[in-house]
Each structure stands twice: as C-alpha cells, then as structure tokens.
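What follows is a set of notes on a single structure, which appears directly below.
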Amino acid sequence: MNKTIQENLLNETSRYGDIEFQPLLGGIEFGMRFLYHAKWAAANYDFQYFLRTDDDYFVCLKKLLNELPWRPKQNLCWGNFHCEVQMTWMDESWMLFSRDIIDKFLNQDARTMLCHPHADQQIGIWLNNISGRLFFHDVRLNHVRAFDWQARNVCVTYMGVHQAFASRMLQLAKTSEDGAKTVQIGRASCRERV
C-alpha cells in the first residue's frame with residue numbers, strides 16, 4: 001500500500017472510527033481473516049447475523065434488513081451455493097451466517113481446525129462439521145459477469161451484485177430502488193437436509 005493511501009486510511013479511522021485494521025498480510029489467508037473479522041465482531045457487537053462480502057459487492061441493504069426478520073435465527077447459511085452431487089459449497093463473495101454458526105466457527109479447536117487457502121472451500125470444510133445447518137441458496141445474488149451496468153432498479157430483482165467496483169457502486173446506489181420489498185418465504189433450490 002502506498003504511503004498516501006495509508007495516511008488517508010489512518011486519517012479516516014482516526015476521524016470516524018469506521019475502519020478496523022487487521023494484523024494479516026492478505027492474499028490467501030482467507031480463513032484467518034474471516035476468523036479475525038468474526039472474533040472482532042463478536043467481541044464488539046451483540047449481533048444476530050454476520051454478513052461477509054467482497055469489497056466489490058453491491059448490497060441492497062434496505063432490502064436485506066427488511067428480510068432478516070423473516071429468516072431463521074439459527075443454523076442459517078445464506079449465499080450463492082454451488083450444488084453438485086455430494087458436494088455443496090458457498091461462494092465467498094457473499095456469506096451471511098446466523099450468530100450460532102459464527103460461534104461454532106470461533107469455538108473450533110485451533111490445534112485440529114482444518115484450513116484451506118481458498119475461501120469457499122475453507123467455509124465448506126467448517127460447515128461440514130455443523131449438523132442442522134440450513135443452506136439458503138439465493139438466486140438474487142448476482143454473479144453473472146455479463147451484467148447490464150446501465151440497469152435501473154436492480155434491488156427489485158437482486159439482493160446484491162458482484163463486481164460492482166467503486167464507480168459502479170455509486171451508480172447502482174443512485175438507481176437501485178433499494179428498500180423494503182415483499183419477502184418470499186419458501187424452500188431454496190439448494191437447501192441441505194441434514
């Protein structure tokens with residue numbers, strides 16, 4: 001990171017307290033970063049759900065907040081799942097977990113915890129050891145590379161859009177029609193039966 005960016009980030013956190021720095025290098029340390037974020041959140045907040053997204057993920061936040069009361073309070077794993085025969089894994093770009101799942105991740109024995117350098121496989125390994133989990137595969141999480149970036153009202157159709165870097169993020173925020181929507185309750189196409 002260049003010195004100017006570093007100084008700007010330090011000024012931002014000093015002024016607003018909205019950035020938390022982590023003692024990691026980045027790269028393929030996903031498991032450590034994820035646990036660090038979850039541990040920090042658990043120590044500083046009393047939360048029901050934990051959402052982890054990539055920094056280029058546009059979230060229809062008002063829509064999400066409107067839906068959360070209708071979702072399970074326990075064992076929830078909400079994301080975009082890759083469902084194959086005898087193998088299911090969650091795309092790491094959007095992961096929402098209920099608090100009990102986060103607590104189970106944090107209570108793993110560090111001496112025997114299985115790790116993997118790739119994010120979605122890492123979480124999949126940990127989820128394999130949790131019984132009763134509910135996989136909610138949300139087709140409204142857009143991961144299509146050929147997305148129409150001029151589209152308006154994206155929050156009517158989607159819950160979020162991946163690969164919305166800074167300029168696209170601002171554009172989507174202005175035209176998204178984010179807000180409370182009718183909540184569809186039902187079985188997702190990739191719900192695990194454990």
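The overall shape of region 69-171, judged from the alpha-carbon gyration tensor, is prolate: a/c is not under 1.5, and a/b is greater than b/c.
Suppose all protein chains stay in the model; what accessible area per residue would a 1.4 Å probe give for the chain, in Å²? Each step should come with its number before you reach the end.
Numbers: 11990 Å² over 194 residues.
In whole numbers, the chain has 62 Å² accessible per residue.
Please give me the summed charge of the neighbours of Phe30: other residues whose Cβ is under 12 Å from its Cβ, Lys and Arg +1, Asp and Glu -1.
Details: positive: Arg33, Arg52; negative: Glu29, Asp54, Glu92, Asp120.
Local net charge: -2.
Placing R0 at 45 angstrom, the Cβ-Cβ distance between Asn128 and Asn44 gives a FRET efficiency of 0.95 after rounding to 0.05. Annotation for region 104-154 versus region 70-96: alpha-carbon center distance of 6 Å.
Counting only Cβ charges, +1 for Lys and Arg and -1 for Asp and Glu, the dipole size of the chain around its Cα centre is about 480 debye.
Hey, can you list the DSSP H helices of the chain whose Cα span along the axis is 18 Å or longer and whose average Kyte-Doolittle score is at least -0.5? Intermediate results must be reported in sequence, preceding the final value.
Values: long enough: 3-16 (20 Å, -1.24); 30-44 (21 Å, 0.05).
Helix filter hits for the chain: 30-44.
Annotation: peptides 109-116, 74-81, ranked by per-residue average of other Cβ atoms within 10 Å with the highest first, follow the order 74-81, 109-116. The portion of the accessible surface of the chain made up by carbon and sulfur, rounded to a whole percent, is 52 (1.4 Å probe; DNA, RNA and ligands excluded).
A cut-off of 5 Å between modelled amide H atoms, ignoring neighbours fewer than 5 places along the same chain, links Gly179 with Lys62, Lys63.
Assign one of three labels to the chain, namely rounded, prolate or oblate, based on the Cα gyration tensor with a ≥ b ≥ c the square roots of its eigenvalues; rounded applies when a/c is under 1.5, prolate when it is not and a/b is larger than b/c, and oblate otherwise. Before the final figure, lay out the partial values.
Working: a/c = 1.57, a/b = 1.04, b/c = 1.52.
Taking the square roots of the gyration eigenvalues as a ≥ b ≥ c, the chain is oblate.
Amide H contacts of Leu134: Leu76, Cys77, each under 5 Å away and 5 or more positions distant or on a separate chain (H built 1.01 Å from N in the peptide plane; Pro and chain starts excluded).
The values are calculated or read from the model by the stated rules, or taken from the named source; none is laboratory data. These numbers were taken from a predicted model, which means no experiment stands behind them. With ideal geometry, Cβ positions are generated from the backbone for all residues, glycine too; neighbour counts draw on all protein chains shown. All accessible areas refer to the heavy atoms of the entire protein, side chains included, with ligands and DNA or RNA removed. Shrake-Rupley method; radii C 1.70, N 1.55, O 1.52, S 1.80 Å.
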